[in-house]
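Colleague: So that we are looking at the same thing, I have put the structure below in structure tokens.
The values are calculated or read from the model by the stated rules, or taken from the named source; none is laboratory data. Worth saying up front: this structure is predicted, and the values here are computed from it rather than measured. Counting neighbours? That spans all protein chains shown, and the Cβs are built from the backbone with ideal geometry, glycine included.
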Amino acid sequence: MAYVRGREQELTGYQEREHWQPNIDLQCDFVMVYGIDDDMPERVKEYKDKGYRVHLMTGISWGEYQDYLYGKFDGRNHWDESQMDRSGNHIKHGKEVPYMSPSVSFAEYLTEKLKKAVDAGVEAIHMEEPEFWDRGGYSTAFQREYLLYYKESWQAPDSCLDARYKCSKLKAYLYARTLEALGNALKEYALVTYKRVLRFYVPTHSLLNYTQWKIISPEGKLIEIPCVDGYIAQVWTGTSRSANVYEGVVKERTFETAYLEYGIMQELVKGTGRQMWFLHDPIEDSPEYTWEDYRRNYLKTVTASLLHPGVSHYEICPWPKRVFDGVFPRKAGLAGGTIPTDRMEGAKEIPKSYATLLAGMIQMLGDMDQEEYEFDGFTEKVGILMADSGLYQRSFPDGIIKDEKDTELEQKLEDLTRRMHEGEDCTEESRRLMGEIADDENLLRAFIAGGTFPQFYGMALPLLKYGLPVRPALLDNIRRYPDYFDGYRMLVLSYEYMKPESPDVNHALASWVKEGGILVYIGDDRDPYHEMDAWWNRNPKAPYQTPAQHLFLSLGLPQDPEEKIYRSGQGKVMIRKAAPAELCLNREYTCRYRSGIKQLLSDAGCDWKYTNCLALHRGPYLIADAMDETDLKDETTFEGLYSDMLTSDYRVIQKKSLQQGENTILFDYGKIKDEEWRIIGTSARVLSLDKREDGFTVRVKAADRMKVFTRIRLPRPVEAIEITVISGQKTQVSHSWDERTRTELFTYDSENQELEICGSF
């Protein structure tokens with residue numbers, strides 16, 4: 001029973017920069033002490049003394065590194081390593097906290113700083129967020145790195161297509177180099193000095209989010225760094241509420257975006273044996289939302305993550321003090337609006353019901369390592385391809401977009417998104433704007449380069465919304481793992497927003513198709529980056545205008561195929577001549593694309609029945625989300641005997657109906673018919689459960705200021721209980737029996753006590 005486990009499994013953890021305190025003693029498995037300031041060793045010791053496994057987390061692209069910047073490390077001022085935009089402005093995370101263009105000396109500096117964490121006894125180090133902004137690349141340090149890497153003088157990223165693409169690749173390389181240097185040096189130091197094997201992890205946003213937000217990061221290249229032991233998928237409301245466009249409407253789609261984000265993060269560990277934790281945040285960095293908004297979107301992201309059964313480890317919260325001591329909504333302040341200032345109207349502390357729900361969710365997440373799982377509905381694997389190269393071409397150099405329409409369009413999209421979030425129906429206004437984009441090539445390019453990332457979401461959302469559980473897949477992994485696409489029935493591909501790094505990617509794709517795969521290629525060859533200096537156009541004897549032309553010939557198709565379905569070996573190729581972004585501009589385009597995919601799957605013997613609900617049976621848990629914005633108006637109903645895990649007391653129900661936009665997590669008693677003992681749900685950590693013929697003894701501990709509910713399946717009703725306080729204050733424990741589920745519900749007010757509940761039958 002995973003609820004009763006040792007902390008060495010490290011199934012759940014959180015990061016915190018503050019000292020231990022009772023109300024954030026959330027009883028997960030490990031704590032990532034944040035930052036390498038002077039009191040770091042003391043904080044490490046505090047959490048160790050409380051029984052946690054202790055890691056350290058700090059930023060690799062930004063942090064309190066003023067001693068390095070001002071020459072205290074090596075006698076040289078390093079402000080020239082701050083990322084800088086074309087206007088000469090430093091790109092900062094805070095007042096004296098720039099994003100770094102990481103040099104060799106910066107890696108040496110971080111190594112020396114982090115040795116203190118190894119000395120303090122941490123078991124692992126997490127270097128989070130290797131981030132280089134797309135608008136950067138102008139600093140003196142970056143120009144030096146450009147000369148050393150390319151053996152030619154630096155070219156400004158805004159000067160031409162080649163320069164922008166090359167600068168972007170270099171940005172990713174610099175952080176990959178830094179991570180490799182750090183990981184190797186610190187692991188060697190720990191082993192030589194303490195005979196201890198240190199683990200090294202990289203918490204990072206998803207490739208989808210970084211591409212959407214225009215931040216360069218190594219992402220897929222992390223797979224190629226041997227010293228990296230795993231990752232944290234930094235996906236949460238703050239990333240997943242980023243707006244995208246579907247059927248001409250721009251707005252937040254938290255569940256769908258989170259589902260795709262977690263999906264592509266899964267690909268970083270597929271076939272590697274490395275560890276992955278999925279992050280959830282009960283609030284988010286922006287302090288301007290209400291608790292109701294935070295709760296609703298938190299549950300959407302958690303539900304989305306649980307629909308990926310290949311991962312069962314979770315970072316349950318960044319900054320729990322911010323959650324359990326915070327007062328929201330507040331006005332946005334420093335550090336990109338993430339530091340709150342004055343209270344806004346209606347600001348309040350976390351509602352007790354939400355605090356209890358979170359405590360229960362935290363414990364439930366430790367029970368997700370379930371061997372058996374089964375999806376409802378369509379189960380064939382369909383992939384939407386993505387690559388690191390998508391990061392390299394998110395912006396165009398000067399001259400590609402005329403009349404600064406990109407800035408104007410972005411402002412319009414942001415305004416529409418904000419108003420939609422505030423409850424205003426801007427649907428028709430949004431669709432009119434998309435109609436203008438469809439009719440104007442310049443506006444379309446501005447749209448493609450904008451913040452909604454329509455090239456990817458234009459292909460993914462029409463399928464996902466109607467119940468096709470598409471999986472974002474890493475294109476370059478086909479080079480790393482020859483069998484990477486085994487099991488996939490269909491792949492959707494476009495080279496209009498990314499490029500294959502070498503021709504062998506196309507050869508591998510062609511081989512997969514000829515062995516029976518279905519490839520859907522979407523592209524109209526209008527992407528300006530086709531014209532940059534690259535492998536497909538360098539050979540004077542056999543130049544290609546686009547990498548797709550090379551792919552088509554490899555498939556045995558004409559170099560410029562018609563818009564139709566072709567046979568290639570045992571497989572099929574469907575050609576659709578459009579920019580992927582166009583698929584999201586109106587309902588007609590979206591429906592035509594979706595029906596074409598459905599027909600292609602049907603011809604291959606794969607019956608995709610439209611549904612707006614994604615549902616997964618994961619051990620005894622049933623996880624489901626009913627998406628909105630479809631023609632499928634019927635509610636989704638589950639009947640059986642369940643505990644509703646999204647209620648504080650794990651309420652027993654026999655029917656659950658989901659309207660569009662709703663989600664649920666249920667415990668299905670039908671899956672444990674023969675079990676006499678089982679923890680169903682709890683907002684306290686169960687330290688032990690000792691079973692006897694005449695009763696039981698259970699030891700529990702929860703954080704301070706928490707209402708605790710624990711529901712346990714037992715052989716018989718409890719006649720009497722006796723409470724022993726192991727540590728802390730006395731408290732009253734009530735209990736009640738449910739005959740239908742054969743469960744006892746225990747309830748008490750926690751003040752961070754450790755209790756022993758002895759029950760007799």
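Colleague: If you go through region 474-515 one residue at a time, how many are among the acidic types (Asp, Glu) and either in contact with a helix residue (DSSP H, G or I) (Cβ under 8 Å, 6 or more places away or on another chain) or closer than 21 Å to residue 576 by Cα (or both)?
Modeller: Summing the residues that are among the acidic types (Asp, Glu) and either in contact with a helix residue (DSSP H, G or I) (Cβ under 8 Å, 6 or more places away or on another chain) or closer than 21 Å to residue 576 by Cα (or both) in region 474-515 gives 4.
Colleague: Write out, first by first residue and then by second, each pair whose Cβ atoms fall under 8 Å of each other, whose residues are 6+ apart or on separate chains, and whose first residue, in region 248-265, is within 17 Å of residue 284 (Cβ to Cβ) while the second is aromatic (Phe, Trp, Tyr) and part of a strand (DSSP E or B).
Modeller: Matching pairs, first to second residue: 253/246; 262/278.
Colleague: Here's another thing I want to ask about it. Do we have any residue at all in region 88-105 that's assigned to a loop (DSSP other than H, G, I, E, B), of a type in the set (S, T, N, Q), surrounded by fewer than 22 Cβ atoms within 10 Å (Cβ to Cβ) and assigned by TED's automatic domain parsing to the domain that holds residue 157?
Modeller: Within region 88-105, one or more residues are assigned to a loop (DSSP other than H, G, I, E, B), of a type in the set (S, T, N, Q), surrounded by fewer than 22 Cβ atoms within 10 Å (Cβ to Cβ) and assigned by TED's automatic domain parsing to the domain that holds residue 157.
Colleague: Of the residues 377, 346, only one is farther than 26 Å from residue 680 by Cα, surrounded by fewer than 14 Cβ atoms within 10 Å (Cβ to Cβ) and in contact (Cβ under 8 Å) with a residue 40 or more places away in the chain; which?
Modeller: 346
Colleague: Check residue 469 against each of (1) crowded, with 22+ Cβ neighbours inside 10 Å; (2) under 30 Å from residue 374 (Cβ atoms) and name the one condition it does not meet.
Modeller: For residue 469, the failing item is (1).
Colleague: Let me ask something else. Condition first: hydrophobic (A, V, I, L, M, F, W, C) and in contact with a Leu (Cβ under 9 Å, 6 or more places away or on another chain). Now tell me which residues in region 607-638 satisfy that.
Modeller: 608, 613, 614, 615, 616, 622, 623, 624, 626, 627, 638
Colleague: Which one is surrounded by the most Cβ atoms within 10 Å (Cβ to Cβ), of the residues in region 680-697 that are in contact (Cβ under 8 Å) with a residue 60 or more places away in the chain and more than 30 Å from residue 622 (Cβ to Cβ)?
Modeller: 695
Colleague: Among the residues of region 28-82, write down those that are assigned to a loop (DSSP other than H, G, I, E, B) and β-branched (Val, Ile, Thr).
Modeller: 36, 60
Colleague: OK, next. Of the residues that make up region 126-148, is at least one under 15 Å from residue 175 (Cβ atoms), touching a Pro at 6+ places or on another chain (Cβ under 6 Å) and charged (D, E, K, R)?
Modeller: Looking for residues that are under 15 Å from residue 175 (Cβ atoms), touching a Pro at 6+ places or on another chain (Cβ under 6 Å) and charged (D, E, K, R), one finds at least one in region 126-148, hence yes.
Colleague: Still on this structure: Mind counting the residues in region 211-230 that are out of contact with any Pro (no Cβ under 9 Å at 6 or more places or on another chain), under 24 Å from residue 83 (Cβ atoms) and surrounded by fewer than 22 Cβ atoms within 10 Å (Cβ to Cβ)?
Modeller: Final tally of qualifying residues: 3.
Colleague: Now a separate question. Being of a type outside the set (Ser, Thr, Tyr), under 23 Å from the mean Cα position of the chain (by Cα) and assigned to a helix (DSSP H, G or I): is that true of residue 222 here?
Modeller: So residue 222 passes the test.
Colleague: Need a quick list: helices (runs of 4 or more DSSP H) entirely within region 493-578 having at least 1 residues that are among the hydroxyl-bearing types (Ser, Thr, Tyr) and buried (at least 16 other Cβ atoms within 10 Å of the Cβ).
Modeller: 503-514, 547-554
Colleague: Please verify whether region 383-390 includes one or more residues that are touching a residue at least 24 places away in the same chain (Cβ under 8 Å) and in a loop (DSSP other than H, G, I, E, B).
Modeller: Yes, because at least one residue in region 383-390 is touching a residue at least 24 places away in the same chain (Cβ under 8 Å) and in a loop (DSSP other than H, G, I, E, B).
Colleague: Still on this model: Given region 672-761, what strands (runs of 3 or more DSSP E) lie entirely inside it while holding 3 or more residues that are among the β-branched types (Val, Ile, Thr)?
Modeller: By residue number, 678-682, 695-701, 704-713, 720-727.
Residue-wise test of (1) over 30 Å from residue 425 (Cβ atoms); (2) part of a loop (DSSP other than H, G, I, E, B); (3) modelled with pLDDT under 95; (4) out of contact with any Gly (no Cβ under 6 Å at 6 or more places or on another chain).
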| position | (1), (2), (3), (4) |
| --- | --- |
| 162 | yes, no, no, yes |
| 169 | yes, no, no, yes |
| 189 | yes, no, no, yes |
| 196 | yes, yes, no, yes |
| 235 | no, yes, no, yes |
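Colleague: Checking residue 244 against (1) under 24 Å from residue 627 (Cα atoms); (2) under 14 Å from the mean Cα position of the chain (by Cα); (3) of a type in the set (S, T, N, Q), which test does it fail?
Modeller: Of (1) under 24 Å from residue 627 (Cα atoms); (2) under 14 Å from the mean Cα position of the chain (by Cα); (3) of a type in the set (S, T, N, Q), only one is false for residue 244: (2).
Colleague: Is it the case that some residue within region 297-314 is within 20 Å of the chain's Cα centre (by Cα), β-branched (Val, Ile, Thr) and over 19 Å from residue 12 (Cα atoms)?
Modeller: Within region 297-314, none of the residues are within 20 Å of the chain's Cα centre (by Cα), β-branched (Val, Ile, Thr) and over 19 Å from residue 12 (Cα atoms).
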